[in-house]
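Right, one structure below, let's go through it.
We did not get these values from a lab; they are worked out from the coordinates using the rules stated. Because the structure is predicted, anything quoted here is derived from the model rather than measured. Here the Cβ positions follow ideal geometry from the backbone for every residue, glycine too, while neighbour counts run over all protein chains shown.
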Amino acid sequence: MRHGFQTIAPMDRVIFGARTAEAVADEAAARGAQRIFLLVSGTLNRKTDEIAKVREALSSRYAGEFDDMPQHMPRDAILKAAAAARDAKTDLVVTIGGGSVTDAGKTLTVCLEHDITTLEGFEPFLLKVAPDGRLNWPDFRAPSVRQIAVPTTLSGGEFHMGGGSVDPVKKVRETIRNPFMVPGTVILDPSLTLHTPDWLWLSTGMRSVDHAVEAFCSPFGSPYVDGCALEALRLLSRALPRSKEDPCDLEARADCQTAMWLAISGMGALIPMGASHGIGHVLGGSCGVPHGYTTCVMLPSVLRYNYPATAGKQARISEAMGQPGRATGDVIADLIKTLAMPSTLREVGVGSDQFELVARNALLARWVHTNPRKISRVEDVLEILQMAA
Amino acid sequence: MRKGTFQIPPMERVFFGRPFDEAIIDEVERLEAKRVFLLVSNTLNRKTDEIEKVRQRLGDRFAADFDEMPPHIPRDAVLRAAAVAREAQADLIVTIGGGSVTDAGKNVQVALEHGIVDLEGFEPFRLKTDPATGKLDAPSFRAPSVRQIAVPTTLSGGEFHQSGGSNDPVKNLKQSIRNPFMIPRTVILDPKLTLHTPQWLWLSTGMRSVDHAIEAFSSPAGNPFVDGTSLQALRILPNALRRSKKDPNDIEARSDCQTGMWLAQTGMWSLVPMGGSHGIGHVLAGTCEVPHGHCTCVTLPSVLRWNKSATAEKQRQIAEAMGDPEAEAADLVAKLITDLEMPDRLHMVGVNRDQFALIAKNAMLDRWVHANPKKISRPEDVLEILEMAV
C-alpha cells in the first residue's frame, strides 16, 4: 500500500479574482504592517501605473522599493535589494512580478533575518546535494518578516517554501528552504497579468503543466496531490489555448491561474519533481534559458524517456488532457506547438557542444535524482538531451 | 469574474497509508509531547488491541485516556473528558475513532484552554445564527494551546475542519464552536485501522464525503481550487465506495475512500459553507439522533432536486464527474445510496411527519441552511424538502 505524509506549508490565504492595489493594502492592514517594501518587476514599475497604484494605496506605509531584479535571481542583486529593505526597516515584503521577483523575495527575507551582506554569507543556508543525490537541508531560524506575493506569470513559485538563486561566480542555481519562506498570502489578479508578455505567460503555463505532470508521476507523491494534478491538467489543456487565442480573455487567464494553483500543490507539499525540472534548472542556471522554455524543450523527451517506468500514469495524464489513448509525450508536444513555443534545445540556443556540461551539472540537481526512472550517469542525461536536440 | 479568499488553516501534516501507531509516535517526537491524552473509541479500546499498542509505544508519555464519548457529543461527556485531560496535565490530545471522538477532541481543547467546567461555560464560545437573517455570529477567542492529532476511523471528515459540534443535552440541539487552531495539527489516515469500523458506518460516512464535495462545489461562496478537489473527489468516491461495499477487506479500496474523503474535505477545510443537506442534516442529528452519514443519505438527493433551478450547470458537472454526463446528479447520488444499501427515506431512519415542524423550525437556526445555493428563507421551504424525502 502507498504510504507517506504530505506537508502543508504555513500559508494563510489565497485571494483570487482580486484587484492588486486594493488587495495588497487590505492584506498589509490585516497583518498590521507599517513599513512595506516593494520588490517589483522593472517593466511594471516603469512602463505601467500598476505599482504607482499600490504605492498610493499603501500611502505612508510604503517604505521603499527595488525594481532591478534580473532573471534567475543573481545573488548580488538580491544583496542589493536586501540592503534597500534593511535600510527601510521593512516589516513586510510585497513582491509583484514574475518568478524571479517572487523567488528573490523569499531569499531576501532570509537575508534580513540572518543579516546576510556578502555572497559568502549565503553558504550556510544553501541546500547541498551530494553527487549520489543525498540532500543536506540546513536548519535555520525562520524569517520574521513575511512576504505577500502577487505573481504575474504562471510559474507558481509563490506556493513553494524554497527559493532559488544563482551564484554569479559559479553560475550554478542553488536553493534555500524554510517553511516560513512561503508567502503568507498569495494574490491572484488576472487583469494584472495583461501586461505580461505572451511568450512568458504561455511558457510559464507550460511550466505549470510540468509541475502537475512531475508531481503526479513522482514515486514520492501523495494521493491528494494526484487529484489536484489531474484537475490542473484538465483545466490547463483547455485554458492555455484559450489564452493564446485571445490574450485579453480575462476568464481564460483566471482559469489559467486556478489550474496553476492546483498544479503547484505537489511542489507546495514538498513532493520532489523529476528530470524535466532537474535538467531545466541547469539549462536556466548554466545556459540562461527562461524557466518556461526549459519545460517546453525538456518535458516531452523526459516523458518519453520515463515511459517504461510510468506507462500507467501517463495513460491517465493523456486522459485528463482529453486525449485518452495517445502517447503523453505527443499530447504535451502538440500543446507546446499550439502555443507556438520553442520545442528543441537548438531553438533556445543550447548547442550539442554544451550537452556535456549540462549533463554533468544535471547530476548535481536534486530533482534529477528523484526522476521516476533512475538517472545515475552522465550518459542517461545525454540520452534525454539528444532526444530534445 | 469570480472573486474571493481561500483560507488555509494551521494544519501541518497528513499521513496516509502508514500504520497509525508508528505515525503517532513520529508526531509525538516531532512535537516533543510529554503527556499524551488519548480520547478514543470505546470499541477500539475494549474489543481490539489497537489502543493498547499506542499506550505501549507511548510508554511514560501516556498520561490518561477517555473512551466513553457517545454519538453526537453531548457536552456533559465532553466536560468529563476534559476533566480527565486537565487532571492528567495533558500537553497533546490524540483522538482515535469516528466523527464524535474527533469533534469531542476539538471541544476538549477549548474546555482546557478556557477552564470550562459546566454546560453554561460553552455559551460564550458557540456560533450563533439569527433565524430570520441567517447572519452568523462567530465569537473570537484565544486559541487552544494544547492541540490535537486525529486518527479517524470513518469517512465523516471532521478532522479536516476547524469547528467542532457538540450537543446541548438540555436543549437537544447541536451547536458548533470554531477557532482556526481547533483543527488538528496532524491527521493520520490508516486504512487498516478502519477494518474495525462497522460497515454501515463506513459506507454512510462515505456518503457524507460525497455530500461535502457536492455542497462545497455547489456553494456560491466556494472557490475554484475547491471546485477542482471536489470534482476529483466525486470521480474517486463512487467507485471506491462500491468496491469497499463489495469486499470489506479490500485495503486499497479503503485507502481510495480515504483519499476521496480528503479531497472532498478541502471545502470545509478552507471554510467554504455547506448547504441545505448539511444544514437540515445537523437538525436530524441533533434533534432526532439520526447518524450523520444517514442524514446525507436521506437529504442529499432531495436537496439536489430542490436546488436544480439554481445549480443546473453545476449539477451537470457533478454528473459528469460521477461518470454519466447525461444523468441527473440527484439520480446518480440516489443510485449510489441504493447500491450501498443505505436508508434513503426519512421514515427508514425513524423520522416521521409529526416531527417535521420542529425540524423545520430548528433548521432555520442552522448557518448552512442559510448558505444553500437556492435561498431557503422560511420553514415552509424546509418542509418542502422534507416532503420530498418522506
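Values computed for the structure shown
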quantity: Entries in B:LYS34/B:LYS128; B:LYS171/B:LYS361; B:LYS3/B:LYS375; B:LYS106/B:LYS171 that, when Cα-Cα distance is taken, lie over 25 Å; calculated: B:LYS34/B:LYS128
quantity: Where trypsin sites (Lys or Arg not before Pro) fall in DSSP loop in the range B:3-78, at most 15 other Cβ within 10 Å; calculated: B:LYS3, B:LYS34
quantity: Span from the the range B:71-113 Cα centroid across to the the range A:345-362 one, whole angstrom; calculated: 60 Å
quantity: Alpha-carbon centroids, the range A:98-177 and the range B:14-47: separation in whole Å; calculated: 35 Å
quantity: Between helix B:99-113 and chain B: long-axis angle, C-alpha atoms, 0 to 90°, nearest 10; calculated: 60 degrees
quantity: In Hz, Karplus ³J(HN,Hα) per residue of the range B:335-340 (6.51, -1.76, 1.60; θ = phi - 60°; x = Gly, Pro); calculated: 5, 4, 4, 5, 4, 7
quantity: Added length on full extension, which subtracts the Cα-Cα distance from 0.36 nm per residue, B:ARG57 to B:HIS347; calculated: 99.8 nm
quantity: Set of aspartates and glutamates with alpha-carbon distance to B:LYS192 below 14 Å, sequence-local pairs under 8 removed; calculated: B:ASP21, B:GLU22, B:ASP49, B:GLU50, B:ASP247, B:ASP250, B:GLU252, B:ASP256
quantity: Trypsin sites (Lys or Arg not before Pro) restricted to the range B:108-176 and DSSP loop, no more than 15 other C-beta within 10 Å; calculated: B:LYS135, B:ARG142, B:LYS171
quantity: Charge dipole (debye, nearest 20) of the protein assembly as shown; +1 at Cβ of Lys and Arg, -1 at Cβ of Asp and Glu; calculated: 240 debye
quantity: Shape category assigned to the range B:199-388 from the gyration tensor of Cα positions, a/c cut at 1.5; calculated: oblate
quantity: At most 11 other Cβ within 10 Å, DSSP loop - GluC sites (Glu not before Pro), the range B:1-49; calculated: B:GLU32
quantity: The range B:105-198: relative contact order as a whole-number percent, Cα under 8 Å and 6+ apart; calculated: 32 percent
quantity: Entries of A:LYS47/A:LYS171; B:LYS314/B:LYS335; B:LYS308/B:LYS335; A:LYS106/B:LYS135 with Cα pairs more than 28 Å apart; calculated: A:LYS47/A:LYS171; A:LYS106/B:LYS135
quantity: Relative contact order, percent, the range A:13-191 [alpha-carbon distance under 8 Å, six or more residues apart]; calculated: 27 percent
quantity: Scaled radius of gyration (Cα, divided by 2.2 N^0.38 Å) that chain A gives; calculated: 0.93
quantity: At 1.306 mPa s and 10 °C, Stokes diffusion of chain B via Kirkwood alpha-carbon radius, µm² per second; calculated: 76 µm²/s
quantity: Given charges at Cβ of Lys, Arg, Asp, Glu: the protein assembly as shown dipole, positive-most of A:PRO143, B:HIS72, B:HIS196; calculated: A:PRO143
quantity: The range A:197-387: C-alpha gyration tensor shape, a/c 1.5 cut-off, then a/b vs b/c; calculated: oblate
quantity: Helical mean residue ellipticity (222 nm; -39500 (n - 2.57) per DSSP H run of 4+; nearest 500) of chain A; calculated: -15500 deg cm²/dmol
quantity: Rounded to 5, percent antiparallel among DSSP beta bridges of chain A; calculated: 25 percent
quantity: CD proxy at 222 nm, helix term only [per DSSP H run n ≥ 4: -39500 (n - 2.57); per residue of chain B; nearest 500]; calculated: -15500 deg cm²/dmol
quantity: Listed residues B:GLY293, B:GLY350, B:GLY99, most fluctuating in chain B (Gaussian network, C-alpha, under 10 Å); calculated: B:GLY350
quantity: GNM result for chain B, Cα springs below 10 Å: residue of B:MET69, B:MET348, B:MET11 fluctuating most strongly; calculated: B:MET348
quantity: Candidate aspartates and glutamates - alpha carbon under 20 Å from A:LYS80, same-chain residues fewer than 8 apart omitted; calculated: A:GLU65, A:ASP67, A:ASP68, A:ASP91, A:ASP103, A:GLU113, A:ASP115, A:GLU120, A:GLU123, A:ASP167, A:GLU174
quantity: Rounded tilt (10° steps) of A:275-287 against the dominant C-alpha axis of chain A; calculated: 60 degrees
quantity: Rg to Rh, two decimals, where the protein assembly as shown supplies the alpha carbon set and Rh follows Kirkwood; calculated: 0.97
quantity: GNM flexibility winner over chain B from B:PRO131, B:PRO139, B:PRO184 (Cα, springs under 10 Å); calculated: B:PRO139
quantity: Radius 14 Å from Cβ of B:GLY134, net charge of other residues (Lys, Arg +1; Asp, Glu -1); calculated: +2
quantity: R0 of 51 Å, Cβ-Cβ distance B:LYS192-A:LYS337: FRET efficiency to nearest 0.05; calculated: 0.60
quantity: For chain B: relative contact order, % (alpha-carbon pairs under 8 angstrom, 6 or more apart); calculated: 16 percent
quantity: Under 10 Å, Cβ to Cβ, from A:ALA309 - net charge with Lys/Arg +1 and Asp/Glu -1; calculated: +3
quantity: The range A:257-322-the range A:178-241 distance, computed between alpha-carbon centres (Å); calculated: 11 Å
quantity: Angle in degrees between helix A:75-87 and the longest Cα principal axis of chain A, rounded to the nearest 10; calculated: 20 degrees
quantity: Amide H contacts of A:ARG146 (H built 1.01 Å from N, under 5 Å, at least 5 apart or other chain); calculated: A:VAL93
